[in-house]
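Any read-out appearing in this document is the output of simple, stated calculations on the displayed coordinates, not a laboratory observation. Worth saying up front: this structure is predicted, and the values here are computed from it rather than measured. Cβ placement follows ideal geometry from the backbone for every residue including glycine, while neighbour counts extend to all protein chains displayed.
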Amino acid sequence: MAEKQIVEQVLAAPSRYVQGKGAIESLGARLSEIGSTPLLVADDVVWGIVEEPLRRGFEEAGLPVTRVGFDSYATAAAVDELVEAIGSGGHDVIAGVGGGSVIDAAKAAGHLAGIRWASVPTAASSDAPTSALSVIYTAEGAFEEYRFFPKNPDLVLMDTQLVAGAPERFLIGGIGDALATWVEARATARAFAGTMVGDRPTRTGTALAKLSWEILWEHALDALEAVRSNTVTPALEAVTEANTLLSGLGFESGGLAAAHAIHNGLTAAPQTHGLTHGEKVNIGTLTQLVLEGAPARDIEDFIVFTTRVGLPNTLTEIGLSPQDTAELRAVAEAATAPGETIHNMPFPVTADAVLDALTTIEAISRRVRAAHGLAEPTPILTP
C-alpha cells in the first residue's frame with residue numbers, strides 16, 4: 001500500500017512585530033523579554049545613527065550593550081564569524097540592526113548557535129526581516145543559497161523615524177520587493193505549489209500579499225514624499241507595514257514564483273551587483289507578467305506606476321541591453337535552475353521562455369513610457 005501523503009497549508013509569522021516612530025528606544029525592553037545577554041550586529045554607519053537612543057533603552061532595561069560590526073554580504077563565512085562571537089560572549093539572543101544582509105546573517109547565526117534572534121531593520125527596504133529564511137551570497141555578491149529555519153524571528157522592530165531618515169532609494173527598493181509579492185502569490189495559488197516554508201499556501205498568506213499590493217498602489221507615492229521631507233506620515237506607516245510585515249507574511253506563506261527567481265538569476269550579471277534587491281526584483285516582476293501573458297493594460301499600468309515610483313523596468317536601467325545575449329542567457333539559465341521558485345508558476349517555464357520575456361521588456365517599457373510622457377530609461381548605476 002502506498003504511503004499516504006499529507007498536504008498541509010501553513011502560515012509562518014514572527015512572534016512579535018513592533019512598528020512606530022521612535023521604536024528603536026524600546027528595543028532594550030523588547031529584547032529583555034527574550035534574553036539577558038544580547039549581541040547586536042550593525043555596521044558603523046547604522047551604529048552611528050541608532051547608538052544613542054538604543055543605549056538609553058538598554059540602560060532602562062538593565063541590559064548590556066555589546067555590538068559587533070558587519071561590512072559584507074551575508075556570506076557563509078560572515079555567518080560563521082557571528083556564531084563564534086555568540087559562543088565566546090555567551091549571548092542568548094542576537095539582533096541584526098540595519099539592512100537585509102546584516103539581518104540575514106544574524107538570523108542564520110542565531111539558528112546555528114541555537115539562540116533566539118531579532119530583526120531590527122533601519123529602512124523598509126525588503127520583506128526579509130519577518131521570515132524564517134536567509135539569503136546567502138558569495139563574497140562577490142552573487143546568490144548562493146536559501147537557508148531555511150524551523151522558526152521565524154522572535155521579534156521584528158521597525159522605527160519609522162529611521163525609515164523616514166534613510167535614503168529614498170531604500171524605500172523604493174522595498175516597494176519593488178513588495179510589489180512582487182501579490183504577483184507571485186497569486187501564481188503560486190493557481191498552481192497550488194509549495195511556499196517558502198515547504199507547504200501549500202494559506203488563503204491568509206495570499207490575502208495578505210494582495211493587501212500589500214493594494215496599500216502600495218494607494219500610498220507609495222505619498223510615502224516617498226514623506227521620506228524626502230524626513231517626516232513620518234500615515235502613508236509612510238502604511239507603506240512600511242506593507243513592505244515589511246504584509247509582504248513578509250505574503251511571500252513566505254503565499255509563495256514565490258518567477259520574479260524572485262529572475263532576481264536570483266540577475267545576480268549572475270556583474271552589472272547588477274550595485275542595484276538594490278527590490279530594483280532587481282522589479283525587473284523580475286515585469287518579466288513574470290510578460291511570461292504569464294498578463295493583460296496589456298495590467299502591464300502598462302505596472303510600467304507607468306513603477307516608473308513614477310523610481311523602479312527600473314528596462315534592461316537599460318540595470319546595465320544590460322537586449323543585445324547582451326550571453327549575459328541574458330546566463331540569467332535565464334540561473335533563474336530556471338532546478339529548485340528555483342520559477343517552477344511554482346502554473347505552467348512549465350524554460351530558460352528560452354525567460355530569455356524571450358527578458359529581451360522583450362525593453363521595447364514594451366520604452367513604448368509605454370513614451371506614450372505617457374515619462375522619461376526615457378537611463379542606467380541607475382554609472383560605470
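Between the stretch 243-294 and the stretch 328-362, what's the alpha-carbon centroid distance in Å?
Using only Cα atoms, the two centres lie 12 Å from each other.
Starting from the Cα of residue 21, draw a straight line to each of the aspartates and glutamates and keep only those under 18 Å, dropping any in the same chain fewer than 8 residues away.
List returned: 51, 52, 159, 168, 222, 225, 237, 241.
Which of the aspartates and glutamates could a cross-linker span from residue 151 if the Cα-Cα distance has to be under 19 Å and same-chain partners fewer than 8 positions apart are dropped?
8, 33, 92, 104, 127, 199, 252
Which value results when the Cα radius of gyration for the stretch 178-294 is divided by 2.2 N^0.38 Å?
For the stretch 178-294, the normalised Cα radius of gyration comes out at 1.09.
Where in the stretch 1-77 are there GluC sites (Glu not before Pro) that are in a DSSP coil and have at most 16 other Cβ atoms within 10 angstrom of their Cβ? Write out the running numbers ahead of the final one.
On the way: sites: 3, 8, 25, 33, 51, 59, 60; in loops: 3, 8, 33.
Taking the stretch 1-77 and a limit of 16 other Cβ atoms within 10 Å, the loop GluC sites (Glu not before Pro) found are 3, 8, 33.
Count neighbours as other Cβ atoms within 10 Å of each site's Cβ, and list the trypsin sites (Lys or Arg not before Pro) in the stretch 279-383 that are DSSP loop with at most 16 such neighbours. Intermediate results must be reported in sequence, preceding the final value.
Numbers: sites: 280, 297, 308, 329, 366, 367, 369; in loops: none.
Qualifying residues, ordered by number: none.
Rounded if a/c is under 1.5, else prolate if a/b is larger than b/c, else oblate: which is the stretch 279-383, with a ≥ b ≥ c the root eigenvalues of its Cα gyration tensor?
On the way: a/c = 2.03, a/b = 1.36, b/c = 1.49.
Note, shape of the stretch 279-383 comes out oblate.
Loop-only check: which GluC sites (Glu not before Pro) in the stretch 70-142 are DSSP coil with at most 14 other Cβ within 10 angstrom? Numbers along the way, then the final one.
On the way: sites: 81, 84, 140; in loops: 140.
Sparse-neighbourhood loop GluC sites (Glu not before Pro): 140.
Determine the dipole magnitude for the stretch 1-151: charges of +1 sit on the beta-carbon of Lys and Arg, -1 on that of Asp and Glu, nothing else is charged, the reference point is the Cα centre, and the result goes in debye to the nearest 20. Spell out each step's value before the answer.
Numbers: 11 positive and 20 negative charges, 115 e Å.
For the stretch 1-151, the charge dipole is close to 560 debye.
Looking at the chain only, what percent of DSSP beta bridges run antiparallel? Nearest 5 please.
Numbers: 5 of 24 bridges.
Counting only bridges with both partners in the chain, antiparallel ones make up about 20 percent.
What share of the DSSP beta bridges in the stretch 17-165 is antiparallel, in percent to the nearest 5? Working shown, then result.
Numbers: 5 of 23 bridges.
Taking every DSSP beta bridge within the stretch 17-165, about 20 percent pair in antiparallel fashion.
Shape call for the stretch 1-133 from the C-alpha gyration tensor, a ≥ b ≥ c root eigenvalues: rounded (a/c under 1.5), prolate (a/b greater than b/c) or oblate? Let's see the in-between values first.
Working: a/c = 1.80, a/b = 1.59, b/c = 1.13.
Prolate, because a/c is 1.5 or more and a/b exceeds b/c.
Name the shape class, rounded, prolate or oblate, that the alpha-carbon gyration tensor gives for the chain, where a ≥ b ≥ c are the square roots of its eigenvalues, rounded holds for a/c under 1.5, and otherwise prolate holds if a/b is larger than b/c and oblate otherwise.
Numbers: a/c = 1.69, a/b = 1.39, b/c = 1.22.
Note, shape of the chain comes out prolate.
DSSP H helices in the chain with Cα extent of 27 Å or more along the helix axis and mean Kyte-Doolittle hydropathy at least -1.0? Provide the component values of the computation, followed by the final result.
Details: long enough: 168-191 (36 Å, 0.29); 203-228 (36 Å, 0.08); 351-371 (31 Å, 0.46).
Helices passing the filter in the chain: 168-191, 203-228, 351-371.
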